[in-house]
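The block underneath contains the structure these notes are about, expressed in structure tokens.
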Amino acid sequence: LIESFAISSPQEIDVEAVCIDLGLQVVYDRLESCGATLVGADKLGLATVHACGNRRRERFSAAHELGHWLLHRGRSYQCSMHDADVNLAKGKYAEVEADIFAMHFLMPERMFSSCLQQKSRPNFRQVKALSRRFGATLAATLLRMVEVSTVPVIAASYHRNRLRWSVSSSSVPSSWRLKSVLSERTFTHGLIYDGKVCQELEVSPAGAWFEDEESESYFVWEQCSAAAAGQAFVLLYPEPAMLESKTPRRSLTRSLACAR
């Protein structure tokens, strides 16, 4: 789709213009009970997106509705006032699929990868810069970064001390499963409960993060960033020794396809 419109830079991704060309008109209005609605007849559709004043969220919502329009034609939708973060936590297939479409559309792999410093371990400062550059929400940018990363990385979301979701790059073995309860030994616990900001990637015991008893022998690089109230996003980079003699896991897109 990106190539068919000869788009070559993030600034050229005009969501509303592409939607119009594909038969979907996008309007912004105050919605009380949902984040967006989608209705259509034959080859024409109308997406009404909640005018929240946050342009990145509005763009992502419009791209999300375009995903529904192209992937789930024939259904009507009332989407919640949620980002990819909440949809992933809820695990609703059609919503997550529309989110993945929006992530790929707003952050095309070729452009996104060229902006991502693949030789380093990207931290939240870099993820936030990518979010601004591509006009996408932080959650969507974080998920996209993990999906295209050539560096083994895990992203997760916690509410208080409970794991909401986790996604790993394809090079991280599936046997490394995060604990469902957040350990007090993590920097993320300090952020959520004490407001201690984690400015850079810090060394953290892998045993505080993973269920496998073997993890106590390893370490990870950890950084966290505050999200909604009582919530935090997490970046984890396992040390190289953790990646040996393990089976790599599927990417977010491949895992979703198999789950279907």
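A few points about this structure:
- Some residue of region 142-164 being under 18 Å from Ser9 (Cα atoms) and either among the β-branched types (Val, Ile, Thr) or part of a strand (DSSP E or B) (or both): yes
- Scanning region 105-139 for residues that are over 18 Å from Asp14 (Cβ atoms) and of a type in the set (A, V, I, L, M) yields Leu116, Val127, Ala129, Leu130, Leu138, Ala139.
- Search result, residues across region 17-27 that are assigned to a helix (DSSP H, G or I) and surrounded by fewer than 18 Cβ atoms within 10 Å (Cβ to Cβ): Ala17, Ile20, Asp21
Quick grid of which residues meet (1) farther than 30 Å from Ser114 by Cα; (2) at pLDDT 90 or above:
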position: Ser4; (1), (2): no, yes
position: Ser9; (1), (2): no, yes
position: Glu12; (1), (2): no, yes
position: Gly23; (1), (2): yes, yes
position: Arg57; (1), (2): no, yes
position: His68; (1), (2): no, yes
position: Cys79; (1), (2): yes, no
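- From the options Ile7, Ile13, Ile100, Ile2, residue that is touching a Pro at 6+ places or on another chain (Cβ under 6 Å) and open to solvent by less than 40 Å² (accessible area, probe 1.4 Å): Ile2
- Within region 41-53, the set of residues being under 22 Å from the mean Cα position of the chain (by Cα), without any contact (Cβ under 8 Å) to a residue 24 or more places away in the chain and in a loop (DSSP other than H, G, I, E, B) comprises Ala51, Gly53.
- Within region 137-159, not a single residue is open to solvent by 60 Å² or more (accessible area, probe 1.4 Å) and either of a type in the set (A, V, I, L, M) or at positive phi (or both).
- Scanning region 169-197 for residues that are under 30 Å from Pro108 (Cα atoms), open to solvent by 10 Å² or more (accessible area, probe 1.4 Å) and not aliphatic (A, V, I, L, M) yields Ser170, Ser171, Ser174, Ser175, Arg177.
- Residue count, region 28-72 (criterion: within 24 Å of Arg132 (Cα to Cα), open to solvent by 50 Å² or more (accessible area, probe 1.4 Å) and among the polar types (S, T, N, Q)): 1
- Cβ-Cβ under 7 Å pairs, at least 6 apart or on other chains, region 3-20 side without any contact (Cβ under 8 Å) to a residue 24 or more places away in the chain and within 19 Å of His64 (Cα to Cα), far side open to solvent by less than 90 Å² (accessible area, probe 1.4 Å) and not in a loop (DSSP other than H, G, I, E, B): Phe5/Val18
- When Thr186 is tested against the conditions (1) in contact (Cβ under 8 Å) with a residue 60 or more places away in the chain; (2) closer than 28 Å to Lys90 by Cβ, the lone failure is (1).
- Yes/no for Leu130 being open to solvent by less than 30 Å² (accessible area, probe 1.4 Å) and free of Cβ contacts under 8 Å to residues at least 24 places away in the same chain: yes
- Residue match in region 29-40 (condition: farther than 20 Å from Ala84 by Cα, of a type in the set (A, V, I, L, M, F, W, C) and in contact (Cβ under 8 Å) with a residue 40 or more places away in the chain): no
- Search result, residues across region 198-211 that are surrounded by 16 or more Cβ atoms within 10 Å (Cβ to Cβ) and either touching a residue at least 40 places away in the same chain (Cβ under 8 Å) or in a loop (DSSP other than H, G, I, E, B) (or both): Cys198, Leu201, Trp209
- Set side by side, the residues Glu222, Glu216 differ, and just one is acidic (Asp, Glu) and in contact with a Phe, Trp or Tyr (Cβ under 6 Å, 6 or more places away or on another chain), which is Glu222.
The values are calculated or read from the model by the stated rules, or taken from the named source; none is laboratory data. Remember, it's a predicted structure, so these values are computed and weren't measured experimentally. All Cβ positions, glycine included, derive from the backbone under ideal geometry; neighbour counts span all protein chains shown. Accessible surface is based on the protein model in full, side chains and every heavy atom, while ligands, DNA and RNA are left aside. Shrake-Rupley method; radii C 1.70, N 1.55, O 1.52, S 1.80 Å.
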